[in-house]
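Here's the structure we're looking at; comments come further down.
The values are calculated or read from the model by the stated rules, or taken from the named source; none is laboratory data. A quick note: this is a predicted structure, and the numbers were derived from the prediction, not measured. Don't worry about glycine lacking a Cβ; one is built from the backbone with ideal geometry, like all the others, and counts go over all protein chains shown. Protein only, heavy atoms only, side chains kept; ligands, DNA and RNA dropped before computing areas. Shrake-Rupley method; radii C 1.70, N 1.55, O 1.52, S 1.80 Å.
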Amino acid sequence: MRLLTHNMLSSNIKGVTNGFPLRIEAEKVVEKTVDFNADFLKNMFAKVEWNALVEASKTMGYFELPDNVESSMLESDEFLQKFHHALLELHLEEGALICPETGRKFPVSKGIPNMLLHEDEV
């Protein structure tokens, strides 16, 4: 699961008001090379919750993203490369996503998060 996907997921358990961002419990992280596309990154920048991305990348062992950003940084190739790596090339292969409110763990197996809810959570 890419951090792009993680940045779009939230816990939909009944009664949860703060289901984002899901915490990551990483057992296995892999890096997969993805073609660089600056235009894609520039378009995604406004859609990404930056603080969640930074924390998720740190959890997965990548500490190169700045804590604070502004849109002018999109003109820097160095920044775009770091953003690209964190967003698209880091993959949570095995582990769990954890609801910040309830602590419920959603397993991630072979890179696929299982976000199915139990009957009493719907």
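Here are a few things to note about the model shown:
- With every protein chain in place, the stretch 60-118: carbon and sulfur % of accessible area (1.4 Å): 51 percent
- Kirkwood-type radius of the stretch 1-98, with distances r between different C-alpha atoms, in Å: 13.9 Å
- Average accessible surface for the chain: 57 Å² per residue, computed with a 1.4 Å probe over protein heavy atoms with every protein chain in place.
- A simple spin-label model places the labels of D77 and K58 3.0 nm from each other, with each point 7 Å out along Cα-to-Cβ.
- Cα convex hull volume per residue for the stretch 38-79 (Å³): 75 Å³
- For the stretch 1-41, the equivalent ellipsoid built from the Cα gyration tensor has semi-axes of 26, 15, 6 Å, listed from largest to smallest.
- Mean Cα-pair separation over length for the stretch 43-97, i.e. relative contact order, pairs under 8 Å, 6 or more apart, %: 35 percent
- Positive-end residue, the stretch 42-101 charge dipole about Cα centroid, Cβ charges, pick of L87, M73, M44: M44
- Amide H contacts of F20 (H built 1.01 Å from N, in plane; Pro and chain starts excluded): S11 sit under 5 Å, all sequence-distant by 5 or more or on other chains.
- DSSP-loop trypsin sites (Lys or Arg not before Pro) across the stretch 49-115, with at most 12 other Cβ within 10 angstrom: K110
- Stretching the chain fully between D35 and N12 yields a gain of 5.0 nm (0.36 nm per residue, less the alpha carbon separation).
- Cross-link reach list, lysines versus K32, counting only Cα pairs under 24 Å and skipping chain neighbours closer than eight places: K42, K47, K58, K82, K110
- Over 18 Å [Cα-Cα, the stretch 58-122], rounded percent: 53 percent
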